[in-house]
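These notes concern the structure reproduced below.
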Amino acid sequence: QIGLDFTPWYAPHAEHRDEQEAVFRRQLEISKALDLPVNVHSRSAAKVTIAVLKEEGIQQALLHNFAGKPSVAMEGVQAGYFFSFPPAVSRNEQRVKLIKQIPLEHICLETDSPALGPDKQARNEPQNITISCEYIARVKGITPKKVADVTTQNALRLFPKIHRTLKH
């Protein structure tokens, strides 16, 4: 996982943000050289993150636990990026508009275990991925099976090397 964290307590000054961006750009260069997708952390930096991904010509990106504005997410959708949501999304009504606007064909499921579970005070477990699935289904008004099927296909498109692993 690579990315930008511009929260004020972590990056209080422009030089901290500039340094992060420089490292992020270098990591993106490496991913391109190795032909690997990127799993991107973006905290209080959604607009800059997506702009940098596009500037660097990134084709395959997953924006993990995305919490940016829907308009910024749509820029990522237009670039072909994917967005994932952990079980913690079920306790955050602010994500409803975001999930409604992002097409299911651009959503993946994640757990981010042991963090970001349905209960802030408890350890998150991989089995809680069903909570993300059910929540997204409820928000979009579709079945959990549809969410599971489409998001699985999305993950396989984003991480094509998984196919080789599954075949062995």
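The values are calculated or read from the model by the stated rules, or taken from the named source; none is laboratory data. None of the values given here were measured: they were computed from a predicted structure. A quick note on method: Cβ atoms are made from the backbone with ideal geometry, for glycine too, and the neighbour counts reach across all protein chains shown. In case anyone asks, the SASA skips ligands and DNA or RNA and just uses the protein heavy atoms, side chains included. Shrake-Rupley method; radii C 1.70, N 1.55, O 1.52, S 1.80 Å.
Here the condition is being at pLDDT below 95 and among the β-branched types (V, I, T); of T130, T151, T165, it holds for T165 alone.
Looking at segment 129-168 only, could you name the residues that are outside any helix (DSSP H, G or I), free of Cβ contacts under 8 Å to residues at least 60 places away in the same chain and not polar (S, T, N, Q)? Across segment 129-168, the qualifying residues are G141, I142, P160, H168. Note on segment 107-128: among residues that are in contact with a helix residue (DSSP H, G or I) (Cβ under 7 Å, 6 or more places away or on another chain) and outside any loop (DSSP other than H, G, I, E, B), the one that is farthest from Q60 (Cα to Cα) is N128. Tell me, yes or no, whether segment 86-95 has at least one residue that is in contact with a helix residue (DSSP H, G or I) (Cβ under 8 Å, 6 or more places away or on another chain), of a type outside the set (S, T, N, Q) and not in a helix (DSSP H, G or I). Looking for residues that are in contact with a helix residue (DSSP H, G or I) (Cβ under 8 Å, 6 or more places away or on another chain), of a type outside the set (S, T, N, Q) and not in a helix (DSSP H, G or I), one finds at least one in segment 86-95, hence yes. Listed by first and then second residue, the pairs with beta-carbon distance under 6 Å, at least 6 apart or on different chains, first residue in segment 36-48 and closer than 11 Å to F82 by Cα, second part of a strand (DSSP E or B) and of a type outside the set (A, V, I, L, M), are N39/H64; V40/G3.
For every residue, the table says whether it meets (1) more than 23 Å from T151 (Cβ to Cβ); (2) out of contact with any Phe, Trp or Tyr (no Cβ under 7 Å at 6 or more places or on another chain); (3) open to solvent by less than 50 Å² (accessible area, probe 1.4 Å); (4) in contact (Cβ under 8 Å) with a residue 12 or more places away in the chain.
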residue	(1), (2), (3), (4)
R26	yes, yes, no, no
V77	no, yes, yes, yes
K100	no, yes, no, yes
P114	no, yes, no, no
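For segment 141-151, the set of residues classified as surrounded by fewer than 17 Cβ atoms within 10 Å (Cβ to Cβ) and not hydrophobic (A, V, I, L, M, F, W, C) consists of G141, T143, P144, K145, K146, D149, listed by residue number.
Rundown of residues vs (1) touching a Gly at 6+ places or on another chain (Cβ under 7 Å); (2) within 19 Å of R157 (Cα to Cα); (3) at pLDDT 95 or above, yes/no style:
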position: A67; (1), (2), (3): no, no, no
position: E75; (1), (2), (3): no, no, yes
position: Y81; (1), (2), (3): no, yes, yes
position: P86; (1), (2), (3): no, no, no
position: I99; (1), (2), (3): no, no, yes
position: E110; (1), (2), (3): no, yes, no
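A single entry from N154, N128 fulfils the requirement of being of a type outside the set (V, I, T), more than 14 Å from L104 (Cα to Cα) and open to solvent by less than 70 Å² (accessible area, probe 1.4 Å): N128.
One line per residue, one yes/no per condition, for (1) basic (K, R); (2) open to solvent by less than 70 Å² (accessible area, probe 1.4 Å); (3) not in a strand (DSSP E or B):
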{"site": "E15", "(1), (2), (3)": "no, no, yes"}
{"site": "E29", "(1), (2), (3)": "no, no, yes"}
{"site": "V40", "(1), (2), (3)": "no, yes, no"}
{"site": "A51", "(1), (2), (3)": "no, yes, yes"}
{"site": "K54", "(1), (2), (3)": "yes, no, yes"}
{"site": "L62", "(1), (2), (3)": "no, yes, no"}
{"site": "A67", "(1), (2), (3)": "no, yes, yes"}
{"site": "S71", "(1), (2), (3)": "no, no, yes"}
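Quick one: is A88 among the aliphatic types (A, V, I, L, M), more than 28 Å from K146 (Cβ to Cβ) and touching an Asp or Glu at 6+ places or on another chain (Cβ under 9 Å)? No: the conditions fail for A88.
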